Amino acid sequence: MERVLLLNATYEPLTLVSDRRAVVLVLAGRAEAVVFRPEARIFHSAKLSVEVPAIVRLSQMVRIPRWARTPPLTRRAVLRRDGGRELGRELLQQPVPHQPPAGPPHGVGGLLQRHRQDAPAPQLVRRPRRPDLAALRRRHR
């Protein structure tokens, strides 16, 4: 059983569905096939042979509630995304840049403020990357 990526009418990814469900959506006219695999499976019936698509797009827009669009951000999800490295710990150890209060600094507090002003701003370890649809399909098999 293969998994097929289901897109909204606006090409927004919705979910992964089974190959049988994708073929049923295409045959019912509710979706259209966007991409086929080079060596895709073929479903046969008495009068019809249908190639299984890799990506299917719905013909009508489906509204998704805002809470369902973004999955909850958990520690496990962050570690999986960053490849097991905990980036937050590195950022927390660096001093936080801030605006100094108006007026001249006095005493030990002023000395600490001057030190924090000279500290460099935290840098990202890596740039954000585009989502990989092939990896998404492999993960949900």
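The values are calculated or read from the model by the stated rules, or taken from the named source; none is laboratory data. Every value quoted in this text rests on a predicted model; they were computed, and no experiment measured them. Reconstructed Cβ throughout: ideal geometry from the backbone, glycine too, with neighbour counts over all protein chains shown. Remember, those area values only see protein heavy atoms, side chains included, never the ligands or the DNA or RNA. Shrake-Rupley method; radii C 1.70, N 1.55, O 1.52, S 1.80 Å.
Checked against (1) closer than 20 Å to ASP132 by Cα; (2) surrounded by fewer than 10 Cβ atoms within 10 Å (Cβ to Cβ); (3) modelled with pLDDT of 90 or more; (4) not polar (S, T, N, Q), GLY83 passes all but condition (3). For the range 42-54, the criterion of a residue being modelled with pLDDT of 85 or more, closer than 22 Å to PRO131 by Cβ and of a type in the set (A, V, I, L, M, F, W, C) is satisfied by at least one position. Of all residues in the range 21-57, those being surrounded by fewer than 14 Cβ atoms within 10 Å (Cβ to Cβ) and assigned to a helix (DSSP H, G or I) number 2. For the range 9-20, a tally of residues being over 22 Å from ARG130 (Cα atoms), touching a strand residue (DSSP E or B) at 6+ places or on another chain (Cβ under 7 Å) and open to solvent by 70 Å² or more (accessible area, probe 1.4 Å) returns 0.
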